[in-house]
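The values are calculated or read from the model by the stated rules, or taken from the named source; none is laboratory data. The shown structure was predicted, so the numbers you read here are calculated from the model rather than taken from an experiment. When we count neighbours, we look across all protein chains shown, and the Cβ atoms used for this are built from the backbone with ideal geometry, even at glycine.
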Ligand code: SF4
């Protein structure tokens, strides 16, 4: 029987940890690692992928969409993608994957796709494939590996977390609308050219009557005003202090854990293709 094993790397911590876990624990499975590249990813994502390739000892296959973001934006009448209209994920992440895997399926392969759902995450039926010869595997979930387990895997491997975790917990496009306000501020401060590009997209979209801004209820022009930045940072700091106090108040907790942006703002709205 012809078999293929594939594992999608998003640039995020969970899929990277899964790749490390598979290489270390199932070295006999020959896995094709792939990354669907929108061309709008953070530079930190590319350097993390290079480090990961070094650890895995093989290249991560890049799947590029046939057309770039600008093409798809025009196709969508310059309306920005949003949580309600997520054409970006469909056109730039899911379709390239389906086309690539579709070729193997047509050739009669059974394809095993390894997905980075952790044991502490809710299980959703939607993760299952609708094609008989495309099988979904979730080793982290099956083997009881949770968020701390993922962080341990990355630390023990020497890879650690991707660099952007210092200011953002999402991989994916620089202008991803799932970013929190504080992450937009981080983008402005660390990658001002990418922030300016996002601003230009937003202005064009506005001219064409797009109902969406990248960030909820305000434009990037407004968000980048010094007084607004100061307010966002202040609110973020208050959240951080509140959470630290909550941890300190817990006598069962011996050590102060690392608090990341997901802890402060909640983990909802994570996209498997873009952010795992
Ligand atoms: S990272 Fe965000 S903007 Fe990019 S494709 Fe995914 S959902 Fe869309």
Selected residue (criterion: farthest from the ligand (Cβ to nearest atom)) from residues of the stretch 248-276 that are more than 14 Å from the chain's Cα centre (by Cα) and modelled with pLDDT of 75 or more = 259
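Going by the structure shown, is residue 142 outside the structural domain of residue 106 (by TED's automatic domain parsing) and out of contact with any helix residue (DSSP H, G or I) (no Cβ under 9 Å at 6 or more places or on another chain)? Give the derivation first.
Numbers: outside the structural domain of residue 106 (by TED's automatic domain parsing): no; out of contact with any helix residue (DSSP H, G or I) (no Cβ under 9 Å at 6 or more places or on another chain): yes.
So residue 142 does not fit the description; no.
Does residue 74 fit the bill of being under 18 Å from residue 37 (Cβ atoms) and either modelled with pLDDT under 95 or away from the ligand (no atom under 16 Å from the Cβ) (or both)?
On the way: under 18 Å from residue 37 (Cβ atoms): no; either modelled with pLDDT under 95 or away from the ligand (no atom under 16 Å from the Cβ) (or both): yes.
Taking the combined requirement at face value, the residue does not satisfy it.
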Checking residue 96 against (1) away from the ligand (no atom under 16 Å from the Cβ); (2) touching a strand residue (DSSP E or B) at 6+ places or on another chain (Cβ under 8 Å); (3) touching a residue at least 40 places away in the same chain (Cβ under 8 Å), which single condition isn't satisfied?
-> (1)
Filter the stretch 184-233 for residues that are under 22 Å from the mean Cα position of the chain (by Cα) and assigned to a loop (DSSP other than H, G, I, E, B); the one that is nearest to residue 41 (Cα to Cα) is 191
Could you count how many residues in the stretch 150-207 are surrounded by 17 or more Cβ atoms within 10 Å (Cβ to Cβ) and more than 26 Å from residue 53 (Cα to Cα)?
-> 17
Would a scan of the stretch 167-175 turn up a residue that is modelled with pLDDT under 95 and more than 15 Å from the ligand (Cβ to nearest atom)?
-> yes
Residue check, residue 53 against (1) away from the ligand (no atom under 16 Å from the Cβ); (2) more than 21 Å from residue 151 (Cα to Cα), all met but one. Which one?
-> (2)
